[in-house]
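Participant: Take a look at the following structure, please.
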Amino acid sequence: MAVAIVTGASKGLGRALAHALAAEGWDLVLDARKAGALEESAEAARARGARVVTVPGDVTDPGHRADLVAAARELGGLDLLVNNAAILGAEPLVPLDRHSLDGFRAALEVNVVAPLGLLQESLPLLRTAPAGAVINLSSDAATEPYRTWGAYGATKAALDQLSAVLAVEEPELRVWWVDPGGMRTDMLAAAEPGEDLSGTPTPADVAPVFLRLLDERPESGRYAVPALLDVR
């Protein structure tokens, strides 16, 4: 069985991706900070037939990242790393002149430094996989100047550049940095309280596009889910 690590898998897109992968026969190592919510998500994935190991913890902790990779090794290896865990840095979002520098530092640690650290831990296994792949979650805020999204967008722009360089340095892997578009998640609700999200896609609506990437294996690069949905 193919094995994937999915961070931030207790809710939102991470949870939806874990369940979609489980339904396709993947075995999973799942991470989130809250053990109870993570185990609930894992049980739903196990009900879809997957072997699932939960490793609750914080992706900014090097020991936790090592534990995630060790768990994948115990399952047989690592075929896919999904760097999904992220924080906004401020809730609700505020303009740059009022954004907490401590909040920005925290967002950089979770959204940029931790994915790189987990990638470094994972590469020895990914390089030996028959079809190793990395999915880094991007955002349209990485490329568009939305008011109040500057600090968060800067972290995602940094992750995009790390992904692009990784694709050059590791040509045998597929590296996709993917903008999922707006989704009906707790994060978006926290970013812009009071915003009507009723017409926004759910993470479950978006997850099948990620399965298409794994099935079709396009060249490494940046992909936007809304555009992929339009060409389906």
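The values are calculated or read from the model by the stated rules, or taken from the named source; none is laboratory data. All figures in this text were calculated on a predicted structure; none of them were measured in a lab. Please note: Cβ atoms are built from the backbone with ideal geometry, for glycine as well, and neighbour counts cover all protein chains shown.
Participant: Within the stretch 1-12, can you find the residues that are over 19 Å from residue 119 (Cβ atoms) and either of a type in the set (Lys, Arg) or modelled with pLDDT of 95 or more (or both)?
Facilitator: If the condition is that a residue be over 19 Å from residue 119 (Cβ atoms) and either of a type in the set (Lys, Arg) or modelled with pLDDT of 95 or more (or both), then 10, 11, 12 are the ones that fit.
Participant: If I ask for residues that are farther than 26 Å from residue 174 by Cβ, without any contact (Cβ under 8 Å) to a residue 12 or more places away in the chain and within 20 Å of the chain's Cα centre (by Cα), which ones from the stretch 101-121 would you list?
Facilitator: Answer for the stretch 101-121, where residues must be farther than 26 Å from residue 174 by Cβ, without any contact (Cβ under 8 Å) to a residue 12 or more places away in the chain and within 20 Å of the chain's Cα centre (by Cα): just 105.
Participant: If you go through the stretch 1-18, how many residues are over 13 Å from the mean Cα position of the chain (by Cα) and crowded, with 23+ Cβ neighbours inside 10 Å?
Facilitator: Matching residues across the stretch 1-18 total 1.
Participant: Can you find even one residue in the stretch 184-199 that is farther than 23 Å from residue 90 by Cβ and either charged (D, E, K, R) or surrounded by 15 or more Cβ atoms within 10 Å (Cβ to Cβ) (or both)?
Facilitator: No, the stretch 184-199 has no match at all.
Participant: Restricting attention to the stretch 113-133, report how many residues are under 25 Å from residue 20 (Cα atoms), of a type outside the set (S, T, N, Q) and part of a helix (DSSP H, G or I).
Facilitator: Qualifying residue count, the stretch 113-133: 10.
Participant: If you take the residues in the stretch 74-100 that are among the small types (Gly, Ala, Ser) and either surrounded by 16 or more Cβ atoms within 10 Å (Cβ to Cβ) or touching a residue at least 24 places away in the same chain (Cβ under 8 Å) (or both), which one is farthest from residue 147 (Cα to Cα)?
Facilitator: Of everything passing the filter in the stretch 74-100, 76 is farthest from residue 147 (Cα to Cα).
Yes/no matrix, rows are residues, columns are (1) touching a residue at least 12 places away in the same chain (Cβ under 8 Å); (2) in contact with a strand residue (DSSP E or B) (Cβ under 9 Å, 6 or more places away or on another chain); (3) more than 23 Å from residue 72 (Cβ to Cβ):
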| residue | (1), (2), (3) |
| --- | --- |
| 129 | yes, yes, no |
| 134 | yes, yes, no |
| 143 | yes, yes, yes |
| 151 | yes, no, yes |
| 157 | yes, no, yes |
| 164 | yes, yes, yes |
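Participant: Within the set of pairs 6+ apart or on separate chains, which have a first residue in the stretch 50-73 that is touching a residue at least 60 places away in the same chain (Cβ under 8 Å), a second that is part of a helix (DSSP H, G or I) and of a type in the set (A, V, I, L, M), and C-beta atoms under 9 Å apart?
Facilitator: 68/118; 69/118; 69/125; 72/125
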